[in-house]
């Protein structure tokens, strides 16, 4: 059973989400200011006829190195032999809540929880059906390698530009984070995140100390 403290924390989080939605609508209403901060002309494309793969394979595009470990999280439903790798800003809240509902249906309903509002800091199933890797999942659920053949693995990804725009609007405009001092200037934010993603991936690949991840980073870093 949930403690009174956890119940109160979830209730306050739900109220705070309502207030954020109301304030977010006001921020989105100020379109003139947003347009003003994003009115500078963009430079011409360097790689006119190349797609992302061609750009990166050429070695001239300074692409962010792939496969960096960015706070991995796997959610599971052992009774259904289901697992999903969670990626922020790609239905992460919904997927995490759905899997929680599958393993704790009665508690989820009785607690008045919402699949759309199970934020990471209040999730009902925190530590109950979550793992940082497939190896951790195997150990936690006492699964042998051959058992994994009976499981269905899934991951929700999102079109990269759409995901970046969603993350930018969510963090820098709706919530109103400082976004590294860029505010609602999308070019400034994109350049800063590109630099940070490159530094993080380089450090991860070479065993160096990785920069501390921010909420903004988690919402827009590459899906890999």
> Looking only at helices (runs of 4 or more DSSP H) that fall completely inside the stretch 1-106, which ones have 1 or more residues that are closer than 29 Å to residue 176 by Cβ?
Replying inline: 4-29, 31-37, 92-103
>> Among the residues of the stretch 147-161, are any at pLDDT 95 or above, surrounded by 16 or more Cβ atoms within 10 Å (Cβ to Cβ) and closer than 30 Å to residue 102 by Cβ?
In response: yes
>> With closer than 30 Å to residue 208 by Cβ and surrounded by fewer than 19 Cβ atoms within 10 Å (Cβ to Cβ) as the only criterion, which of 89, 135 stands out?
In response: 135
>> Give me the residue from the stretch 62-79 that is farther than 30 Å from residue 209 by Cβ and touching a residue at least 40 places away in the same chain (Cβ under 8 Å) and, out of that set, nearest to the chain's Cα centre (by Cα).
In response: 76
>> Among the residues that make up the stretch 208-216, is at least one of them surrounded by 14 or more Cβ atoms within 10 Å (Cβ to Cβ), within 16 Å of the chain's Cα centre (by Cα) and under 30 Å from residue 44 (Cα atoms)?
In response: yes
>> Regarding the stretch 33-47, can at least one residue be identified that is on the phi > 0 side of the Ramachandran plot, exposed (fewer than 14 other Cβ atoms within 10 Å of the Cβ) and touching a residue at least 60 places away in the same chain (Cβ under 8 Å)?
In response: no
> In this structure, does residue 116 turn out to be touching a residue at least 40 places away in the same chain (Cβ under 8 Å), part of a loop (DSSP other than H, G, I, E, B) and touching a helix residue (DSSP H, G or I) at 6+ places or on another chain (Cβ under 8 Å)?
Replying inline: no
> What number of residues in the stretch 60-110 are under 21 Å from residue 4 (Cα atoms) and at pLDDT below 90?
Replying inline: 0
> What number of residues within the stretch 167-203 satisfy the criterion of being in contact with a helix residue (DSSP H, G or I) (Cβ under 8 Å, 6 or more places away or on another chain) and closer than 29 Å to residue 133 by Cβ?
Replying inline: 7
>> Given the options 96, 77, 84, name the one that is over 24 Å from residue 163 (Cβ atoms) and not assigned by the TED database to the domain that holds residue 212.
In response: 77
> Within the stretch 80-100, which residues are closer than 20 Å to residue 9 by Cα and either touching a residue at least 60 places away in the same chain (Cβ under 8 Å) or touching a strand residue (DSSP E or B) at 6+ places or on another chain (Cβ under 9 Å) (or both)?
Replying inline: 96, 100
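The values are calculated or read from the model by the stated rules, or taken from the named source; none is laboratory data. Quantities reported herein were computed from a predicted structural model and do not represent experimental measurements. We place every Cβ from the backbone using ideal geometry, glycine too, and count neighbours over all the protein chains shown.
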